[in-house]
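K.L.:
Next up is a structure, given as C-alpha cells.
What follows is calculated from the coordinates using simple rules that are stated; it is not laboratory data. The model shown is predicted, which means the values in this text are computed figures rather than measured ones. So basically every Cβ, Gly included, is an ideal-geometry build from the backbone, and we count neighbours across all protein chains shown.
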Amino acid sequence: MKWNLTSFHFRELIVKGYSLDQMFLLKMIHEQLDISNLIKESAKIAALYQSLIRKGLITETEDKLTLLGTELLVFMDSKESKKIEKKKIDNSKFKEWWKEFPKSNNFTYKGKTFTGDRSIRVNEADCRIKFDKIVLEGEYTADDLISALKVHIHRMKEESIKKQINKITYLHNSLTYLNQRDFENFIGETISDEDNEEEIKTFKGVDI
C-alpha cells in the first residue's frame, strides 16, 4: 500500500470532506484485507467504517467499493492535480422511476378495476437519496432500476388478472421497495412485445 501524496491531494480531500484515515481504510477494503477484528476492537475504526458507508464510498450490504469510492482511490494514485468530481445522477432518471411507481394499490388493467386503500408512492425526497445511492454503488444503472420496476409492476398486474386478486396490495411502499432492494429479482427481465401491445390497446380504451 503506497501513495505518493502531495499537498494538492491533502487539500482536495479536506475540501471535499474526506480524511486520510478514511482513504487508508478504503484502500484496505479495496485490497480485500480483513478489517473485521479492527472494527470489533476499536470504536474509532468502527465509526470510520460507518462513515465510508454514510458517504457512499462502500456498499451497505458488503465490503465493496462504490463508483465514488473507486474514483477516490484513482485520485489518490494520480500524479495530476485534478480535482475530485462528485458523481451526480441525472434527475430525470429518478423522475421517470418515480412516475412508474404506483401511487396506490387502486388501478385498472385490461378493463378490470381493482380497488385499494393505501398509498404506496411515499417519501419522495428519501426515495431520491436512496435511488441515487444505489446507482452510485455501480452495480445497477438508473435504467436497470426503471426497467426492473416496470417488469415487476407488469407481472403483479398480470397476476391480479389471472387470480382475480389485487396483487399490487402486496407491493412495498416506494422507500421500503428501495431499502429492501425488491427490484433485484427483476433486473435483466423484459416485458414481451405482445404484452406491450396489449397494454397500449388497453390504455387507448380499445376492447380486448
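K.L.:
Under a Cβ-only charge scheme (Lys and Arg +1, Asp and Glu -1), can you give me the dipole magnitude of segment 91-203 about the Cα centre, in debye to the nearest 20?
P.N.:
600
K.L.:
Also: For segment 103-145, what is the convex hull volume of the alpha-carbon atoms per residue, in Å³?
P.N.:
For segment 103-145, the hull spanned by Cα atoms encloses 83 Å³ per residue.
K.L.:
Just in segment 1-64: which trypsin sites (Lys or Arg not before Pro) are loop by DSSP and have at most 11 other Cβ atoms within 10 Å?
P.N.:
The qualifying sites are Lys2.
K.L.:
If each residue's Cβ is checked for other Cβ atoms within 10 Å, how do Thr113, Thr176 rank with the fewest at the top?
P.N.:
Ascending number of Cβ neighbours within 10 Å: Thr113, Thr176.
K.L.:
What order do you get for His154, His172 when you list them from fewest to most C-beta neighbours inside 10 Å?
P.N.:
His172, His154
K.L.:
Tell me, what is the percent relative contact order of the chain, built from C-alpha pairs under 8 Å that lie six or more residues apart?
P.N.:
Rounded, it is 17 percent for the chain.
K.L.:
While we're looking at this one, here's another question. Could you give the distance between the Cα centres of segment 36-78 and segment 123-193, to the whole Å?
P.N.:
Each part reduced to its Cα centre gives a spacing of 28 Å.
K.L.:
Separate question: Using a Förster distance of 35 angstrom, determine the FRET efficiency expected from the C-beta separation of Ile14 and Asn91, and round it to 0.05.
P.N.:
0.75
K.L.:
Can I ask one more? What spacing in nm lies between the two simple spin-label points modelled at Asp77 and Ala46, each 7 Å away from Cα in the Cβ direction?
P.N.:
Here the modelled spin labels are 3.2 nm apart.
K.L.:
Please get the size of the charge dipole for the chain, origin at its Cα centre, with Cβ charges of +1 on Lys and Arg and -1 on Asp and Glu, quoted in debye to the nearest 20.
P.N.:
Computed charge dipole of the chain: roughly 780 debye.
K.L.:
Across the chain, where is the longest run that never hits GluC sites (Glu not before Pro) in a DSSP loop with at most 16 other C-beta atoms within 10 Å?
P.N.:
Answer from the scan: 86-138.
K.L.:
So what does the Cα-only Debye profile of the chain read at q = 0.13 Å⁻¹, as log10 I(q)/I(0), no solvent term?
P.N.:
Log10 of I(q)/I(0), two decimals: -0.82.
K.L.:
Would you mind working out the magnitude of the charge dipole of segment 7-77 relative to its Cα centre, with +1 at each Lys and Arg C-beta and -1 at each Asp and Glu C-beta, to the nearest 20 Debye?
P.N.:
For this selection, approximately 280 debye.
K.L.:
Can you bin every Cα-Cα distance in segment 1-42 into 5 Å intervals starting at zero and give me the percent of pairs per bin, rounded to whole numbers?
P.N.:
5, 19, 25, 23, 14, 11, 3
K.L.:
Let me see the P(r) profile for segment 91-203: every Cα-Cα distance counted, bins of 5 Å, each bin given as a percent of all pairs.
P.N.:
2, 11, 22, 25, 19, 13, 6, 1, 0
K.L.:
Another question about this same structure. Length gain on complete extension for the stretch Ile161 to Glu60, per 0.36 nm per residue less the alpha carbon to alpha carbon distance?
P.N.:
Once the chain is fully extended between Ile161 and Glu60, it gains 32.7 nm.
K.L.:
If you don't mind, there's one more thing I want to ask. Just rank Asp144, Asp34, fewest to most, by other beta-carbon atoms within 10 angstrom.
P.N.:
Asp34, Asp144
K.L.:
Quick check: residue separation of Thr108 and Ile191 times 0.36 nm, minus the Cα distance between them. What number comes out in nm?
P.N.:
28.0 nm
K.L.:
Report the extension gain between Tyr140 and Ser36 in nm, rounded to one decimal, defined as 0.36 nm multiplied by the number of residues separating them, less their alpha carbon distance.
P.N.:
34.8 nm is the gain from fully extending Tyr140 to Ser36.
K.L.:
Amide H neighbours of Tyr109 under 5 Å, at least 5 residues apart or on other chains, H built in the peptide plane: list them.
P.N.:
Those lying under 5 Å, H to H, from Tyr109 are Phe114.
K.L.:
Ok, one more. Return the subset of Lys55/Lys79; Lys82/Lys133; Lys133/Lys163 for which the Cα-Cα distance in this structure is over 32 Å, preserving the input order.
P.N.:
Over 32 Å apart, Cα to Cα: Lys133/Lys163.
K.L.:
For segment 7-77, what mean projected area does the convex hull of the alpha carbons give, in nm²?
P.N.:
4.6
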